[in-house]
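The values are calculated or read from the model by the stated rules, or taken from the named source; none is laboratory data. Remember, predicted model here, so these are calculated numbers, not experimental data. Here the Cβ positions follow ideal geometry from the backbone for every residue, glycine too, while neighbour counts run over all protein chains shown. Surface areas here come from the heavy atoms of the whole protein model, side chains and all, with no ligands, DNA or RNA. Shrake-Rupley method; radii C 1.70, N 1.55, O 1.52, S 1.80 Å.
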Amino acid sequence: SLNTSLQNRQADSWGSDLDSGFIDIYTGAQPAANTAPTGTLLVSCALDADAFSAAAAGVASKNGTIVVTAGNTGTAGYGQVRNAGNTRWMYCSVTASGGGGAIELDDISINTNDVVTITAATITQPAS
């Protein structure tokens, strides 16, 4: 099992790698790793140059508020996170605020031109 210092270092490394990257929200079930995204792209938003805070207890959280206008209608199913070079790094869970997803939205029911707020996004490096 990893000690907390190493957990934090790993989460911070991921967070730094995603500076100026992107979060995309899609409909449907999360695809398998190393496969193309599926479903309808609802929202795509740019991350700040300093996208995530310093990790504590192995968890790095997004800095600031992310607000974006939806391009399509549907129910958020999963997220895709890309780096600044447009390389997909991971797929992750999406829930409504307080639902415990890696990405949390103010509302997972999205309509075209809705203003969507990403209320939380975290990178978690577990101890084991």
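Taken together, VAL94, VAL115, VAL81, VAL67 contain a single residue that is loosely packed, with under 13 Cβ neighbours inside 10 Å, among the aliphatic types (A, V, I, L, M), within 14 Å of ASP24 (Cα to Cα) and at pLDDT 95 or above, which is VAL67.
Here is the figure for the range 97-112: residues that are of a type in the set (A, V, I, L, M) and open to solvent by 30 Å² or more (accessible area, probe 1.4 Å) total 1. Can you pull out the residues in the range 15-28 that are more than 20 Å from VAL116 (Cα to Cα) and buried (at least 18 other Cβ atoms within 10 Å of the Cβ)? Within the range 15-28, GLY15, LEU18 meet the criteria.
Looking only at residues of the range 29-64 that are charged (D, E, K, R) and closer than 27 Å to ASN3 by Cα, we find that the one that is least open to solvent (accessible area, probe 1.4 Å) is LYS62.
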